Amino acid sequence: MRNKSKITTLESKFPLLSIEQGCMVSKDADITVAFRVELPELFTVTSTEYEAMHSAWHKAIKVLPNYSIVHKQDWFIKEDYQGKLSDGGLSFLARSSERHFNERPYLHHSVYLFLTKTNKQRMAQQSNFSSLCRGHLLPKEITNKEEVMKFIEAVDQFERIINDTEQIRIVRMTEDELVGTNEKGGLLDRYFSLSEEGHASLEDIRLGADLVRVGDNMICLHTLSDTDDLPTTVSTDSRYERLSTDRSDCRLSFASPVGLMLPCNHIYNQYLFIEDSDANLERFEKQARNMHSLARYSRSNQINEEWIQEYLNIAHSQGLTSIRAHFNVLAWSSDKEELRQIKNDVGSALALMECHPRHNTIDAATLYWAGIPGNAADFPAEESFYTFIEPALCFFTAETNYKDSLSPFGIKMADRLSGKPVHLDISDLPMKKGVITNRNKFILGPSGSGKSFFTNHMVRQYYEQGAHVLLVDTGNSYQACVNLSTARPKVRTAYISPIPMKVLYLSTPFIRMITSSM
């Protein structure tokens, strides 16, 4: 008997058509503009700055037209620090430092933003009408030229509003960054291999009801797709107890537990679906009337009516925009035992946000497919919930890991979370930014806190970068650092004894003044 079952390939289901004039065009005529997002560094943002970032996102989203989708995608990939052991110009201490930190694991964070213009029919489709389930892709409605021009103008305004803030910066991605080149893969290659940059091999993809696998990596998906999963209150930032005291607060964003605080390979997707707010409110008015007429038959109908009325009252009294939102954490591992631990870690991270973690196994394949850059319009509508722009933005991540300073002059410090070395310029760059007005430094700490250790570290690196160093030491704390110096004429040392009569070899007038006053 002949097998008549239809067999297709993922290539034929690929939802993207081409990239035209910097915009990603899907086979359903959806237009997407992609950006790279630069966020402020971890533990450097105050509560006021978090509110300013929240306000900037809100103002920017308000300029987008109806039936637009905001898809923010945060990548957290485990990588190992690669020490510069092959550099022949390193000193003994510098090479020992590189050897100590070599292959230290850390999370590499990269953020992308996708703004998509679609139509009303696509926004309302459910998972059974995904591009994975259709035999052919033909759009019912193609956006006309005027709507496209309005959307491009709105995107330009969006970019200008965000870049006017001091904390956030977005840069439009090019075609090579999206699809890659012959030498380097693009963002789409990374998504279909779930790997870091530079990964060139293709991976088999299995999209099943029981398991979603990309290559050897098995995927687990936790979603926030219902109002029952959400906390009662949200805020722009929260207190990080581990680094806070009774006199000072260390602030992190509300969604930080599923960001850098989650130590595993994962992608945090944030979706905002901007529909016709007036039409949504009219539909809620109709539902409230229906619930009121059925309230005598069930108390649940009466409770639902009260909730809908409260939603409508807040929307009309405060002038808020009704939207749909969805958030999910897509994590993966090639080891089953590690995947089981990752599931617990993701659930605990969502519980720290006072959310109810929901391990989604039904729509995992559909949500993974909708997470393709430029394919947010293929998102199933039943996996989203109605809310307002302000509370939905509280679920956006607002910080990234530490970055190396661009200035070549500086010192090596360590990341607070992973211990990865970070190059910091604590002299020239703060002067240019206006943070400081001079290059003086004051090191304060109790006995045994590491003042001399840090000073040795700073002096050694400054000396190796060509700085002139003068040390005034009372306890031989820097003698070993001087002995390791290869060119001693650059380092002038003066060891001050508590007895003034033993300080006859000092030659600097400044040091003579200090010793005479002792």
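Numbers for the structure displayed
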{"quantity": "Any hit, region 196-207, residues being within 30 Å of R122 (Cβ to Cβ) and in contact with a Pro (Cβ under 6 Å, 6 or more places away or on another chain)", "calculated": "no"}
{"quantity": "Unique match (being among the charged types (D, E, K, R) and more than 25 Å from Y81 (Cβ to Cβ)) among E399, E382, E464", "calculated": "E382"}
{"quantity": "Hits in region 250-288 (condition: part of a helix (DSSP H, G or I), under 26 Å from the mean Cα position of the chain (by Cα) and not aliphatic (A, V, I, L, M))", "calculated": "S256, P257"}
{"quantity": "Test: D345 is in contact with a helix residue (DSSP H, G or I) (Cβ under 6 Å, 6 or more places away or on another chain) and acidic (D, E)", "calculated": "no"}
{"quantity": "In region 383-403, the residues that are among the charged types (D, E, K, R) and over 17 Å from the mean Cα position of the chain (by Cα)", "calculated": "E383, E390"}
{"quantity": "Residue count, region 211-249 (criterion: part of a loop (DSSP other than H, G, I, E, B), surrounded by fewer than 16 Cβ atoms within 10 Å (Cβ to Cβ) and of a type in the set (A, V, I, L, M))", "calculated": "1"}
{"quantity": "Criterion violated by L90 - all others in (1) surrounded by 13 or more Cβ atoms within 10 Å (Cβ to Cβ); (2) in a loop (DSSP other than H, G, I, E, B); (3) in contact with a strand residue (DSSP E or B) (Cβ under 9 Å, 6 or more places away or on another chain) satisfied", "calculated": "(3)"}
{"quantity": "Sole exception among (1) under 25 Å from the mean Cα position of the chain (by Cα); (2) buried (at least 19 other Cβ atoms within 10 Å of the Cβ) for A52, by number", "calculated": "(2)"}
{"quantity": "Residue under evaluation I274, criteria (1) within 26 Å of P357 (Cβ to Cβ); (2) surrounded by 20 or more Cβ atoms within 10 Å (Cβ to Cβ); (3) of a type outside the set (S, T, N, Q), criterion not met", "calculated": "(1)"}
{"quantity": "Strands (runs of 3 or more DSSP E) wholly inside region 403-518 containing at least 2 residues that are modelled with pLDDT of 80 or more", "calculated": "411-414, 421-424, 469-473"}
{"quantity": "Residue that is hydroxyl-bearing (S, T, Y) and touching an Asp or Glu at 6+ places or on another chain (Cβ under 8 Å), where the choices are S418, S384, S405, S348", "calculated": "S405"}
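Per-residue answers, yes or no, for (1) under 20 Å from L393 (Cβ atoms); (2) in contact with a strand residue (DSSP E or B) (Cβ under 7 Å, 6 or more places away or on another chain):
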| residue | (1), (2) |
| --- | --- |
| P15 | no, yes |
| C23 | no, yes |
| A29 | no, no |
| V33 | yes, yes |
| L39 | yes, yes |
| S47 | yes, yes |
| E51 | yes, no |
| H54 | yes, no |
| W57 | yes, no |
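The values are calculated or read from the model by the stated rules, or taken from the named source; none is laboratory data. All figures in this text were calculated on a predicted structure; none of them were measured in a lab. Positions of Cβ are generated from backbone atoms using ideal geometry, with glycine treated the same way; all protein chains shown enter the neighbour counts.
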